[in-house]
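Engineer: My questions all concern the structure below.
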Amino acid sequence: MSAHVKDLRPGATEAAQPSLAAQRRRQRAGRALVWAMLLGGAALMLAPFLWLVSTSLKTQQQVFLYPPQWIPNPVRWQNYPDALSQVPFGQFSLNTLLITLVTMAGVLLTSSMAAYGFARLRFPGRDFFFVLLLSALMLPYAVTMIPQYIMFKYLGWIDTYLPLTVPPWFGGGIFNIFLLRQFFRTIPSDLVEAARIDGAGEIRIYAQVMLPLAGASLAVVAIFTFINSWNDFMGPLIYISSHDKYTIALGLAMFKGLYSTQWQYLMAASTVMITPIIVLFFLAQRYFVQGIVMTGTKG
């Protein structure tokens, strides 16, 4: 019996080897396909940014060369100081930073408070009001743009930063509320109940229990808010008319003339504008990914 088994083993091994080899080849091919798709997608995403940087280092004549020239020759670094000196870029940067920081503070405070209320407090119609809040995501900005402008005009807020900085202190953004609510619901109820037994009120639970645990999720909200506020063009365009109050996004439009556009200066200023966002993302990437993952999917 044992001799018969020994005779079968070589044949079984030889039959299994082609199957294992074919399986490994399929796995390698699958990984190669995935990597090719990822690299292709990354190239498509990076191409506009690389073209932006390339154009910022060209002369006016090189911008319109055909076929397009990806590597400038010669490289004109002087475009950057020339672009930043043509407009008061420093003042625009301070204006943008002021609006962004005030907006971030309002969004973080009000969105976290609203999210805590929807996640942990019990009151009549809580789920209905939350669904009603989420349904407002379907409203495009253009629907509320004119009513908001009329309201701010009656308040005398036109040509000030108030229309850009006050609304974030009264709501904080629907998506931000949803994101933080999802995280707050993943915190064990026993932790909250233990704090209540120790005599903590809702404000203390929110400030000393919830917020310290929600650091990563708050970082995500802060990053989203910073990017949206820093890049905002439509809001300042509608409400701000004085040049000394312009943001960076509005300042970029000053490089576009009636009959021509200084593309090399526009791209240089645009590169400087997006640099803080790139630096912020790389510095906070770990918190960004961690915050998205930790929000969970608990309903």
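The values are calculated or read from the model by the stated rules, or taken from the named source; none is laboratory data. Quick caveat, the model's predicted, so the values are computed rather than measured. Note that each Cβ is placed from the backbone with ideal geometry, even for glycine, and that neighbours are counted across all protein chains shown.
Engineer: Can Lys256 be described as basic (Lys, Arg), farther than 15 Å from Leu50 by Cα and either crowded, with 18+ Cβ neighbours inside 10 Å or modelled with pLDDT under 70 (or both)?
Structural biologist: no
Engineer: Kindly indicate the residue of region 188-223 that is surrounded by fewer than 19 Cβ atoms within 10 Å (Cβ to Cβ) and among the polar types (S, T, N, Q) and also nearest to Phe281 (Cα to Cα) among those meeting that condition.
Structural biologist: Here the residue is Gln208.
Engineer: For Ala268, indicate whether it is among the aliphatic types (A, V, I, L, M), surrounded by 12 or more Cβ atoms within 10 Å (Cβ to Cβ), in contact with a helix residue (DSSP H, G or I) (Cβ under 8 Å, 6 or more places away or on another chain) and within 30 Å of Asn79 (Cα to Cα).
Structural biologist: Taking the combined requirement at face value, the residue satisfies it.
Engineer: Among the candidates Val75, Val87, single out the residue that is among the β-branched types (Val, Ile, Thr) and farther than 14 Å from Gln264 by Cβ. Walk me through it before giving the result.
Structural biologist: Numbers: Val75 fails: farther than 14 Å from Gln264 by Cβ.
Going through Val75, Val87 in turn, the sole match is Val87.
Engineer: Across region 148-165, which residue is surrounded by the most Cβ atoms within 10 Å (Cβ to Cβ) among those that are within 27 Å of the chain's Cα centre (by Cα) and free of Cβ contacts under 8 Å to residues at least 60 places away in the same chain?
Structural biologist: Among those residues, the one meeting the criterion is Gln148.
Engineer: Among (1) of a type in the set (A, V, I, L, M); (2) more than 27 Å from Arg286 (Cβ to Cβ); (3) surrounded by 15 or more Cβ atoms within 10 Å (Cβ to Cβ); (4) at pLDDT 90 or above, which single condition is Met234 missing?
Structural biologist: (3)
Engineer: Continuing with this model, one more query. Report yes if some residue within region 47-58 is outside any helix (DSSP H, G or I), touching a helix residue (DSSP H, G or I) at 6+ places or on another chain (Cβ under 7 Å) and farther than 24 Å from Ser229 by Cα; otherwise report no.
Structural biologist: Initially, region 47-58 is screened for residues outside any helix (DSSP H, G or I), giving 57-58.
Next cut, touching a helix residue (DSSP H, G or I) at 6+ places or on another chain (Cβ under 7 Å) only: 57-58.
Still in the list and also farther than 24 Å from Ser229 by Cα: 57-58.
Scanning region 47-58, I find at least one residue that is outside any helix (DSSP H, G or I), touching a helix residue (DSSP H, G or I) at 6+ places or on another chain (Cβ under 7 Å) and farther than 24 Å from Ser229 by Cα, so the answer is yes.
Engineer: Check whether at least one residue in region 130-142 is farther than 13 Å from Gly235 by Cα and surrounded by 15 or more Cβ atoms within 10 Å (Cβ to Cβ), and report yes or no.
Structural biologist: Yes - at least one qualifying residue is present in region 130-142.
Engineer: With surrounded by fewer than 13 Cβ atoms within 10 Å (Cβ to Cβ) and under 22 Å from Asn231 (Cβ atoms) as the only criterion, which of Leu39, Leu44 stands out? Steps first, answer last, please.
Structural biologist: Details: Leu39 fails: under 22 Å from Asn231 (Cβ atoms).
Checking each option against the conditions leaves just Leu44.
Engineer: Mind checking whether some residue in region 212-235 is on the phi < 0 side of the Ramachandran plot and more than 24 Å from the chain's Cα centre (by Cα)?
Structural biologist: No - not one qualifying residue is present in region 212-235.
Engineer: Go through the residues of region 79-86 one by one and say whether even a single one is in a loop (DSSP other than H, G, I, E, B) and either of a type in the set (A, V, I, L, M, F, W, C) or loosely packed, with under 12 Cβ neighbours inside 10 Å (or both).
Structural biologist: Scanning region 79-86 turns up no residue that is in a loop (DSSP other than H, G, I, E, B) and either of a type in the set (A, V, I, L, M, F, W, C) or loosely packed, with under 12 Cβ neighbours inside 10 Å (or both).
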